[in-house]
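Engineer: Structure provided below as structure tokens; questions to follow.
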Amino acid sequence: MKRMNNRIPEFRSEDEERVFWTTHSPLDYFDSGSIKRTSFPNLKPSLKSISIRVPLDMLAELKTLANKKDVPYQSLAKVYLARQIALERGSLSRSPRKKGNRRTHVRKGAPADTGDQR
């Protein structure tokens, strides 16, 4: 690749820079000769393995859903978990709902919550 002598001009405003980049390619100003290999030996993984116990029927249903979507069931579980966390965070930042407007889901066979906290 031939070395480009193009220098990026100094811009007086973001608008001027925006106009410039709509008509020029960043590749014309990229010098691949200045790239240096870097390693990050102390970088820690951002994922943490956990172990949770779930009912067999719930795991079977999760695997069935994941199979229909053609994704690993662990990935689908992460999506569902992330979605619920986002939902909970969103509900914490909104004003509290009035009692009676809450929709609750009771698993089949689970005791119903009567709301009494004695």
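Engineer: Put a dot 7 Å past each Cα toward the Cβ at LYS78 and ASP57; how far apart are the dots in nm?
Structural biologist: If labels sit at ASP57 and LYS78, their model points lie 2.9 nm apart.
Engineer: Roughly speaking, what is the stretch gain from GLU14 to ARG37, that is 0.36 nm per residue apart minus the C-alpha to C-alpha distance, in nm to one decimal?
Structural biologist: 5.1 nm
Bear in mind these aren't lab numbers, they're just calculated from the coordinates by the rules spelled out. Computed from a prediction, not measured in an experiment: that's the story for all the values here. Quick reminder, even Gly has a Cβ in these numbers, built from the backbone with ideal geometry, and neighbours come from all protein chains shown.
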